[in-house]
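The values are calculated or read from the model by the stated rules, or taken from the named source; none is laboratory data. Source: prediction; values computed, not measured. We place every Cβ from the backbone using ideal geometry, glycine too, and count neighbours over all the protein chains shown. Areas reflect the complete protein model, heavy atoms only, side chains present, ligands, DNA and RNA absent. Shrake-Rupley method; radii C 1.70, N 1.55, O 1.52, S 1.80 Å.
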Amino acid sequence: MRRADRLFEIIQFMRRKDLTRAKDLSEALEVSERTIYRDIQDLIASGVPIEGEAGVGYVLKAGFDLPPLMFKEQEIEALVLGARIVASWADPELAAAASNVIAKVQAVIPDRLRDYMANTALVAPPHHYMEPITFDMAELRRALRSQLKVHFRYRDALAEASERTVRPICLAYFGPVWLLSAWCELRDDFRTFRLDRIDGFGVPGDKFRLEPGKTLHDFLKREQAWTRSRLNGDGKDNQATAE
C-alpha cells in the first residue's frame, strides 16, 4: 500500500471509531505500530485535527472532511448498487436523492473510474412487486428524522382497525413490505407496523424526546433477546413486537 493510501485509510478508520488504538490500525493496515505512530504525527503536523497519545488511543475531531479522493472498484460497485436499490424501492424523494449522490460522486472522480461507475453491471430492476403504500413516505422519514410523533389508522393481520399515535424509531424494508418500528402510546410498548396497512397518516407536529427504554437501541436489544430465546427454545415469555 502506498503511504498516501495508508494515511487516507487511517483517517477513514478513525472516522468509524470513537477511539482508535495504534495496535488496531497496525493490524488492519499490516504495518508496525511504530509506522502508525509516525503516520499519525505526520497527519497532525499537516493539520488533521487528531487528539490522543500513544498507548491510550486517538480521536478524530468531528467535522473534519477530506477533498475528493480515489475510490476502489469494489467501493464504486457498493455505492452504485446501493443507490440503484434505493432508487428502485424507496419513495420518489429518496430515489431522487440517491441519483443526486451518484451524480456528485461522478463529478469528482477521475475519468477512468467515472467510466467504470457508469458501466457497473450491478442493477436493481425497476419492475417489481411491492405492497402499495397510501401515504407519502417522505413525511414519515421527516418525522423520524425530526423526532415527531405520527398518527394513523392501522389494520392488523386480522383486519381489526385501531387508531395509533407512535414515536417512530426506524424504517426497514423486507420485500415486498416496508416496516415501521416505533414506541406505541396505545400499547405503551414497542410495536412494528406494516406501512401497507396504514391509512389516515398524519404528522400532528408533536415533538418527543428520547427516553431511556424507548430508543432504537432498546428496541434492537429487545428484538435480539427475543430472537435468541426462540433459537434456544428456552421458553422465555418474550413477545414479538409485530402488529
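Determine if the stretch 221-239 includes at least one residue that is open to solvent by less than 30 Å² (accessible area, probe 1.4 Å) and of a type outside the set (S, T, N, Q).
no
May I ask you to verify whether Val105 is assigned to a loop (DSSP other than H, G, I, E, B), farther than 30 Å from Trp183 by Cβ and at pLDDT below 90?
Working: assigned to a loop (DSSP other than H, G, I, E, B): no; farther than 30 Å from Trp183 by Cβ: yes; at pLDDT below 90: yes.
So Val105 fails the test.
As a summary of the residue check, Phe13 satisfies the conditions (1) open to solvent by less than 50 Å² (accessible area, probe 1.4 Å); (2) touching a residue at least 60 places away in the same chain (Cβ under 8 Å) except for the one numbered (2). The residues listed here are Phe135, Phe152; of these, the one that is among the aromatic types (Phe, Trp, Tyr) and assigned to a loop (DSSP other than H, G, I, E, B) is Phe135.
Does the stretch 224-242 contain at least one residue that is at pLDDT below 85 and in a strand (DSSP E or B)? Yes, the stretch 224-242 contains at least one residue that is at pLDDT below 85 and in a strand (DSSP E or B).
Consider the stretch 177-212 and keep the residues that are hydrophobic (A, V, I, L, M, F, W, C), farther than 16 Å from Glu243 by Cα and touching a Phe, Trp or Tyr at 6+ places or on another chain (Cβ under 9 Å). The one that is least open to solvent (accessible area, probe 1.4 Å) is Phe208.
Take the stretch 123-176 and flag every residue that is among the aliphatic types (A, V, I, L, M), surrounded by fewer than 16 Cβ atoms within 10 Å (Cβ to Cβ) and within 18 Å of the chain's Cα centre (by Cα). Steps first, please.
Our first condition is that a residue be among the aliphatic types (A, V, I, L, M); within the stretch 123-176, this holds for 123-124, 130, 133, 137-138, 140, 143-144, 148, 150, 157-159, 161, 166, 169, 171-172.
If we keep only those that are surrounded by fewer than 16 Cβ atoms within 10 Å (Cβ to Cβ) as well, we get 123-124, 130, 138, 157-159, 161, 172.
Selection gives Ala138, Ala172.
Regarding the stretch 82-102, can at least one residue be identified that is modelled with pLDDT of 85 or more, loosely packed, with under 15 Cβ neighbours inside 10 Å, more than 29 Å from Ala4 (Cα to Cα) and acidic (Asp, Glu)? For the stretch 82-102, residues modelled with pLDDT of 85 or more, loosely packed, with under 15 Cβ neighbours inside 10 Å, more than 29 Å from Ala4 (Cα to Cα) and acidic (Asp, Glu): present.
The residues of the stretch 36-48 that are among the hydrophobic types (A, V, I, L, M, F, W, C) and either surrounded by 14 or more Cβ atoms within 10 Å (Cβ to Cβ) or in contact with a strand residue (DSSP E or B) (Cβ under 7 Å, 6 or more places away or on another chain) (or both), listed by number, are Ile36, Ile40, Leu43, Ile44, Val48.
Within the stretch 16-35, if we keep just the residues that are under 14 Å from Ile50 (Cβ atoms) and charged (D, E, K, R), the residue that is most open to solvent (accessible area, probe 1.4 Å) turns out to be Asp18.
Looking at the stretch 49-67, can you tell me whether even one residue there is surrounded by 12 or more Cβ atoms within 10 Å (Cβ to Cβ), among the β-branched types (Val, Ile, Thr), more than 26 Å from the chain's Cα centre (by Cα) and outside any strand (DSSP E or B)? No, the stretch 49-67 contains no residue that is surrounded by 12 or more Cβ atoms within 10 Å (Cβ to Cβ), among the β-branched types (Val, Ile, Thr), more than 26 Å from the chain's Cα centre (by Cα) and outside any strand (DSSP E or B).
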